[in-house]
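Participant: Before we start, here is the structure in question, set down as structure tokens.
The values are calculated or read from the model by the stated rules, or taken from the named source; none is laboratory data. Just so we're clear, the structure is a prediction, and the values are computed from it rather than from any experiment. Backbone-built Cβ (ideal geometry, glycine too); neighbour counts: all protein chains shown. In case anyone asks, the SASA skips ligands and DNA or RNA and just uses the protein heavy atoms, side chains included. Shrake-Rupley method; radii C 1.70, N 1.55, O 1.52, S 1.80 Å.
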Amino acid sequence: MSYLRQGRTGMLRVFMSVIGMAVIAVSLWALPLGGTITKILLILWALTGILGAMTRAVFMLDVALAALVWGGLSVWILLVSPDMGAAFRLVGNLAILPLGLAVGMMQGRRCLWLLMVPVLVYVLIDSEFLLTSEGWRLNNPFLFLALFVMAVAGHTKSAAPDETLKTGFWPLVVAVIAAGGIFASQTRIAVLAMVLVMAARLRFTHAWTWLLGLPLAGGALWSVMDALPRLLFTHASGRLVYWQLFWQQWWQGTAQNRWLGFGAGAIERQLQHLQTASSFGALHNDHFHMLYESGIVGAALWLIGWGMMIWLVRASKGAVYILLAVMITMITDNTLSYGHYLLCSGLAAGVAWHVKMQADDGEL
């Protein structure tokens, strides 16, 4: 009977894995239809992963405090925003990264392939070079970055015997493919985030890191200067003009505007009415976005929430660097709207945290 029960459990896990991959695949192919359907599917996927691990999860006080801060930020946005549709979309975007972090921590590396396989298939099918004003560039840079982050997390050594994703060949293959896609996209902030994630794996106290690393870094920089000159451009692609415009509006607004914000969706509505910004789409700075739309109170909760997440994963250098990489991309891009990248980054950080805690328990 025990063998039969184990067989049924194994079949159930395979079935749930297939269903999980299918949900992610559908969310990817739903991207052209708009972000709402995609975000709903991602949130449901993450909630299912959390519920599936509730019986073996151990909740700490700082986890509860972090959840309380993010919940408070979500409630605040709903309270101060007259546009409930935009408010719910923003709250959904805010939930994806913490949910991914929780799934990765609870499930470990067994959940990585559920995202890696459909994302890899999607980018291999959907990616193409597009001719822009700055030359040929590969699309889907943040999906390639999501793949890279998960591959790095999947290649971390683990002390747990039941991990399904072993360190070895395939995570390295995925990482190489993803790195090539990121460089080919010539998206500077994505390359910077990738380098930061890789920096967590380097041991700067080892002599070989410097003896081999410096020549390799110099050669890579020379190749980039020759083949991918856009990565070294210093222009802001028009961002500074709009940042200054919205900063003046926020600063010159009423005290209520500064403390409570202009409400979710305010930036998008204004950009739609500016002819020069019709193709700009969004502010390309999520940190300022939160300050403008949710005010000083919302921005304070936003920063406290980030501080709590980094504090939670502080034992894992890899997890800290992954979260910092996401924060950096938010300086010059609309990362809050990139649901798959947020979920994958949260998942990877949670897995790195999970592996570190299991390794520490093994040492004890």
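Participant: Using 0.36 nm times the number of residues separating Leu274 and Gln244, minus their current alpha carbon distance, what extension gain do you get?
Facilitator: Taking Leu274 through Gln244 to full extension adds about 9.3 nm, to one decimal.
Participant: Measuring from label point to label point, each 7 Å out along Cα→Cβ, what is the Ile19 to Ile296 span in nm?
Facilitator: Placing both labels 7 Å along Cα→Cβ, they lie 4.9 nm apart.
Participant: Just the number please: accessible area per residue for region 323-364, 1.4 Å probe, all protein chains included, in Å².
Facilitator: Here the residues of region 323-364 average 31 Å² of exposed surface.
Participant: Run the accessible area of region 260-337 with a 1.4 Å probe and give the carbon-and-sulfur part as a rounded percent.
Facilitator: 67 percent
Participant: Over region 248-364, what relative contact order in percent results from Cα pairs under 8 Å that are six or more residues apart?
Facilitator: 25 percent
Participant: Note down, for region 237-364, the three equivalent ellipsoid semi-axes (square root of 5 times each alpha carbon gyration tensor eigenvalue), biggest first, whole angstrom. Walk me through the numbers before you get to the answer.
Facilitator: Working: eigenvalues 241, 54, 20 Å².
Working from the Cα gyration tensor, I get semi-axes of 35, 16, 10 Å.
Participant: Phe262's amide H: which non-local residues (gap 5+, or another chain) put their own amide H closer than 5 Å, with H modeled 1.01 Å from N in plane and none for Pro or chain starts?
Facilitator: Glu293, Ser294, Gly295
Participant: Ok, one more. Which shape class applies to region 290-339: rounded if a/c is under 1.5, otherwise prolate when a/b exceeds b/c and oblate if not, where a ≥ b ≥ c are the square roots of the Cα gyration tensor eigenvalues?
Facilitator: Oblate, since a/c reaches 1.5 and b/c is not below a/b.
Participant: Can you send over the solvent-accessible area of Leu79, 1.4 Å probe, protein chains only, in Å² to the nearest 10?
Facilitator: About 130 Å², ignoring ligands and nucleic acids.
Participant: Additional query: If packing is taken as the average number of other Cβ atoms within 10 Å across a peptide's residues, how do 109-115, 15-21 rank, most packed first?
Facilitator: Per-residue mean Cβ counts within 10 Å order the peptides as 109-115, 15-21.
Participant: Under the classification rounded if a/c is under 1.5, otherwise prolate if a/b is larger than b/c and oblate if not, where does region 28-141 fall, given a ≥ b ≥ c as square roots of the Cα gyration tensor eigenvalues?
Facilitator: oblate
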